[in-house]
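Student: Please find one structure pasted underneath; my questions will follow.
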Amino acid sequence: MRLTCALSTLAILATILFTLLLLIAGALQLRVPTGYVVVDCAPPPPSDAAAAAFLDSLLPLLAALPAAAAPTGFASLQSSGGAFTRGVCLGGSALKECLACLAAAAKNLTGCGASRRAGVWRGEGCFMGYADGNASSPHEDVFRDVVSFGEDVFPAVISFDDGKPPSNPKCFDTRALVALAQSLAGRGAANSSGARVVTDAAALSSNATGKTTVTLRAQCARDRAAAADCARCLGGSAREVRACGWGLDGEHERVADVLGYNCFLRIETSVPTGWPMPVAKYMKDPVLITLCAGMLLALVAAVIACVRGRKKRGTGNA
């Protein structure tokens, strides 16, 4: 009987632990990773007799650019051999962080070989590029790459297939998103600290539910800082972001970094954590209901067995 009572105690503890985990799960906000390296190397010319000379003039610029750009977050250097380099740190990064990011970016670019134009973007928050001319090429003007991350802030619910269609993907209104991104050009996107705007998802979506905050951060290269050019670049970046699948329901976080040679755009969604938490969602799930019912029955059976065992011992002793 002592074993039975011990088992009943364990069942009680397991039930309490399960309940606590369910209740605090909403307060455990998963962080969104942003570590990535994207390198774009333009194809080298088919015949380039001056490739070695260009590389000789480029390598010293790549080595010098991090220290030149770190104090203000931007620098543009050129050599007598016709090489141009640009370095940008995003959002007012600290000098040490900017320097480390650009130093790593310079190493990434050395792998582009005989390419006359290349760029690298790092998730720590910097961009570095080089070219054989100061003007942007058509490829650089249209180049975009989208790096996306996402996490469920509240734990996913495992449920049986009820035959119902999937829930609404909670889409952004692309026109509203583009307009908001373009507005950052007039809010200091070409400054060293970049520009930032925070709004509610309902302002950018007709079917958002729950409480989701949307934050846009933007940075335009300061040597391409004309407001119209900056707005055009940011608008083009916003159009590259997929409109749907953001989970604008108060339970998901997403990040999309849109990388370009002349501008950077980050779109991030976040949700409040803590109390109140969406426990009701889990209470409606059939699998969870079954688990809870099973644990409750096991607990009741264990307690009854323990009580009967004590009564028998008491009768025997009498």
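The numbers here are math on the coordinates, done by the rules we state, and not lab data. It should be emphasised that the depicted structure is a prediction, and the values quoted were computed from it without experimental measurement. Cβ atoms come from the backbone with ideal geometry, glycine included; neighbour counts cover every protein chain shown.
Student: Among 258-266, 36-44, 71-79, how do they line up by average Cβ neighbours within 10 Å per residue, starting with the highest? Let's see the in-between values first.
Tutor: On the way: 258-266: 25.1, 36-44: 14.8, 71-79: 17.8.
The densest-packed peptide leads the list: 258-266, 71-79, 36-44.
Student: With label points built 7 Å along Cα→Cβ from the Cα atoms of K96 and A176, find their separation and express it in nm.
Tutor: Simple spin-label model gives 4.2 nm for this pair.
Student: Give me, ordered by chain and number, the residues 5 or more places off G194 or on other chains with an amide H under 5 Å from its own placed amide H.
Tutor: G91, G92
Student: For the range 212-222, take each phi angle, set θ = phi - 60°, evaluate the Karplus expression 6.51 cos²θ - 1.76 cosθ + 1.60, and give the result in whole Hz per residue in order, putting x for glycine and proline.
Tutor: Values, residue by residue: 10, 9, 10, 10, 10, 10, 9, 8, 10, 4, 6 Hz.
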